[in-house]
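Structure record follows, encoded as structure tokens.
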Amino acid sequence: MELAVLYKLLWMCEDDPKLPAWITHTTIPFSHLQTLYMASKSAQIGFCNGLRVELEGTNVGLSVIVPGPVQSKLRDKSEITRPGAVKIDISAGLSTGPAFISPEDAAERIMEGVALGRPYIATHPGDKPLVRAMQDLVLQAFD
């Protein structure tokens with residue numbers, strides 16, 4: 001999101017307290033992907049955490065969407081632009097599999113999280129053990 005757009009949104013909402021707003025930002029807090037990719041994702045999470053603090057006392061909320069795989073043609077396009085980068089079978093034309101959910105299911109989970117005011121919204125609750133394992137590695141530093 002361009003910062004000028006964000007500041008205009010905040011100004012509009014402060015000017016009219018009946019106009020609530022909610023920002024959703026999609027990123028991932030963990031992965032085994034390339035270093036630079038993950039560094040950019042970590043920076044986005046830090047930005048969102050800081051912005052959430054700055055938004056306290058306004059009528060603007062913020063949630064970070066933590067997505068899992070969603071059925072789409074995104075991976076098909078990745079295979080075209082980066083041959084060999086996709087490590088799953090995309091021959092059917094639509095990324096599918098037991099971990100893939102429909103865009104409608106993802107949207108429903110996201111809207112539910114926004115309605116509840118959650119700072120983080122996961123589309124795939126089954127990823128919780130992986131997130132916990134990553135956090136446990138950090139928490140071990142405090143032992």
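In this structure, Gly68 does satisfy being touching a helix residue (DSSP H, G or I) at 6+ places or on another chain (Cβ under 9 Å) and either modelled with pLDDT under 85 or among the hydroxyl-bearing types (Ser, Thr, Tyr) (or both).
Which residues, taken from segment 44-75, are of a type in the set (D, E, K, R) and crowded, with 16+ Cβ neighbours inside 10 Å?
Arg52, Arg75
The values are calculated or read from the model by the stated rules, or taken from the named source; none is laboratory data. All values derive from a computational prediction rather than experimental measurement. Positions of Cβ are backbone-derived with ideal geometry, glycine not excepted, and every protein chain shown enters the neighbour counts.
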